[in-house]
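Asker: Just dropping this structure here.
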Amino acid sequence: MPDRIEHRARFDLVRYANVWEDAEVLRSALAPGPGKRVLSIASAGDNAFALLATGAEVVAADLSPAQLALVELKRAAIRRLGHGETLAFLGVRRSDQDRRQVYERLERDLPERVRDFWRERLDEVADGVVNHGKFESYFRLFRERVLPLIHRRATVLGLLAERDAAGRQAFYHGEWDNLRWRLLFRIFFSRFAMGRLGRDPEFFRYVEGSVAERILGRVEYALTVLPTHDNPYLEHILTGGFKTSLPLYLRPEVFADLKRNLDRLTLFEGPIEKAAETHRDAGFDGFNLSDIFEYLDPKASAEVYGRLLEAARPGARFAYWNMLVPRRLGEAFPGRVRSLDAEAKELFARDLAFFYSAFVLEEAV
């Protein structure tokens, strides 16, 4: 049987309530815009929305009906509500209204299967859906149970203060990086803990070496080299919300364009290569592949990439991340794909979603 992640992991729950990949890096890499078509992993929808706001046509695919139900609900909120109302309904901001009552106004925009999904989860709607993915629950456990054993609240908030690079280095090494931090981090972000509490054990099938050590190195980079005061991913992990830094698709300057372009979004349930084949007649200019190759062996990864390549227009770009498993699929297609290593390296240097070990950007020729 082919190595298919859908046969090995669960896809009947919202695993990600937010997308944990930097949308600004993605938009710079794929250069979407009017007249462009992009095929994207749907996940929680955030990056598909960020691409959509540029005026591009976006097909967003996912194996998980739960993730697509979340995207549908976010789309309905963006369509029917104002900017502040959307932030409040999703759970980004405090709501003065019962979110279940707001949901009733949005139901008419939802397919029946999506209505059935959310009617069984109205408590999550009432609390704000961006707070209720499995990955977000994992971070909540870290924030509420582990982090207080390491640092006082004032120190945690101090990490988010605006500093220059020298100041961040001094704070990290002088205030943050103690023995308890290193010990508890290695335990909580181990392969075992992440696999069972945050992601899925099958997502680590092809990972070699220590998961925690490699993530710890990336976290140190994020806390010392990258700005910490306006990083929405870091803020959500440490505080449980986007209080000062919003995901790109929810920023006021992006939201109006997104609302205007919602009809350019098509959702597809199934493997992304099947979505490519179904919608290949017009071809695609860009592919947001998230980190899907982490979960596949090299042969299966190359097979998927090849089928996507068949739907690529000349000059189409492929963007994807490596977290713990090195994958560079363009190398399997010499003469058909070229690597954009210099550009990818520059983009990765400012990637605020700091879990990943590499960002790969390739172009069809």
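Readers should treat all values here as calculations from the given coordinates under stated rules, not as data from a laboratory. Predicted model, so just to flag it, every value in this text is computed and none were measured. Cβ placement follows ideal geometry from the backbone for every residue including glycine, while neighbour counts extend to all protein chains displayed.
Asker: Going by how many other beta carbons lie within 10 Å of each one, how would you line up R251, R313, fewest first?
Answerer: Working: R251 16, R313 13.
In increasing order of surrounding Cβ atoms, one gets R313, R251.
Asker: Let me ask something additional. Considering amide H positions built from the backbone, and no H for Pro or chain starts, which residues 5 or more places from D291, or on another chain, come under 5 Å of its amide H?
Answerer: W321
Asker: What is the Cα centroid distance between the stretch 266-331 and the stretch 54-105, reported in whole angstrom?
Answerer: 26 Å
Asker: With the cut-off at 28 Å, tell me which of the pairs K243/K274; K243/K345; K274/K299; K134/K274; K74/K299 have Cα atoms farther apart than that.
Answerer: Values: K243/K274 38 Å; K243/K345 30 Å; K274/K299 17 Å; K134/K274 26 Å; K74/K299 35 Å.
The pairs that break the limit, which is 28 Å between Cα atoms, are K243/K274; K243/K345; K74/K299.
Asker: I need E363, E175 ordered by Cβ neighbour count within 10 Å, fewest first.
Answerer: Numbers: E363 17, E175 12.
In order of increasing Cβ crowding within 10 Å: E175, E363.
Asker: Tell me the label-point distance for the pair A154, E253, using the 7 Å Cα-to-Cβ offset, in nm and rounded to one decimal.
Answerer: 3.6 nm
Asker: Quick check: net charge around D22, other residues with Cβ under 15 Å of its Cβ, Lys/Arg +1 and Asp/Glu -1?
Answerer: Numbers: positive: R27, R218, R251, K345, R350; negative: E21, E24, D46, D230, E235, D291, E343, E346, D351.
Residues near D22 contribute -4 overall.
Asker: Pulled fully out, how much extra length does the chain show between H173 and Y221, if you take 0.36 nm times their separation in residues and subtract their Cα-Cα distance?
Answerer: Values: separation 48, 0.36 × 48 = 17.28 nm, distance 1.20 nm.
Taking H173 through Y221 to full extension adds about 16.1 nm, to one decimal.
Asker: Still on this structure, I have one more. Given labels modelled 7 Å from the Cα in the Cβ direction, how far is it in nm from E346 to R119?
Answerer: Taking the simple label geometry, E346 and R119 are separated by 5.3 nm.
Asker: Okay, moving on. Residue by residue, what Karplus-based ³J(HN,Hα) values in Hz, rounded to whole numbers, does the stretch 160-170 have, using 6.51, -1.76 and 1.60 with θ = phi - 60° and x for Gly and Pro?
Answerer: 8, 5, 6, 9, 7, 4, 5, x, 5, 4, 5
Asker: With the convex hull built on the Cα atoms of the stretch 251-339, state its orientation-averaged projected area in nm².
Answerer: Working: hull surface 29.5 nm².
The orientation-averaged projected area of the Cα hull of the stretch 251-339 comes to 7.4 nm².
Asker: Dividing the convex hull volume of the alpha carbon atoms of the stretch 1-141 by its residue count, what do you get in Å³ per residue? Could the numbers behind the result be given before it?
Answerer: Details: hull volume 19.8 nm³, N = 141.
That works out to 140 Å³ per residue.
Asker: Moving to a separate point now. Pick out which of E346, E235, E112 has the largest mean-square fluctuation in a Gaussian network model of the chain, springs linking Cα atoms closer than 10 Å.
Answerer: E112
Asker: Specify whether the C-alpha gyration tensor of the stretch 207-295 places it in the rounded, prolate or oblate class, a ≥ b ≥ c being the square roots of the eigenvalues: rounded for a/c under 1.5, otherwise prolate if a/b is larger than b/c and oblate if not.
Answerer: Working: a/c = 2.99, a/b = 1.31, b/c = 2.28.
Note, shape of the stretch 207-295 comes out oblate.
Asker: Rounded, prolate or oblate: which fits the stretch 58-156, taking a ≥ b ≥ c as square roots of the Cα gyration tensor eigenvalues, rounded meaning a/c under 1.5, else prolate when a/b beats b/c? All intermediate terms of the calculation are to be shown ahead of the outcome.
Answerer: Details: a/c = 2.30, a/b = 1.67, b/c = 1.38.
Prolate is the answer for the stretch 58-156, as a/c is 1.5 or above and a/b outweighs b/c.
Asker: With helices defined as uninterrupted DSSP H runs, which ones in the chain have an alpha carbon span along their own long axis of at least 15 Å and mean Kyte-Doolittle hydropathy of at least -1.0? If you can, show how the numbers build up before the last one.
Answerer: Numbers: long enough: 65-80 (22 Å, 0.08); 211-224 (20 Å, 0.41); 298-309 (16 Å, -0.05).
What comes out of the filter, once short or polar helices are dropped, is 65-80, 211-224, 298-309.
Asker: Percent relative contact order of the chain, based on C-alpha pairs within less than 8 angstrom and at least six residues apart?
Answerer: After rounding, I find 24 percent.
Asker: As a footprinting exposure proxy, order W321, W118, W176 by other Cβ within 10 Å, with the fewest listed first.
Answerer: Numbers: W321 26, W118 21, W176 18.
By the 10 Å Cβ count, ascending, the order reads W176, W118, W321.
Asker: First select every other residue whose beta carbon is under 15 angstrom from the beta carbon of R94; then total the charges, Lys and Arg +1, Asp and Glu -1.
Answerer: Values: positive: R93, R99, K243; negative: E85, D96, D98, D127.
Surrounding charge for R94 is -1.
Asker: With no solvent and one equal point scatterer placed on each C-alpha of the chain, evaluate the Debye formula and give log10 I(q)/I(0) for q = 0.10, 0.11 Å⁻¹, two decimals.
Answerer: Debye output, listed in q order: -0.62, -0.76.
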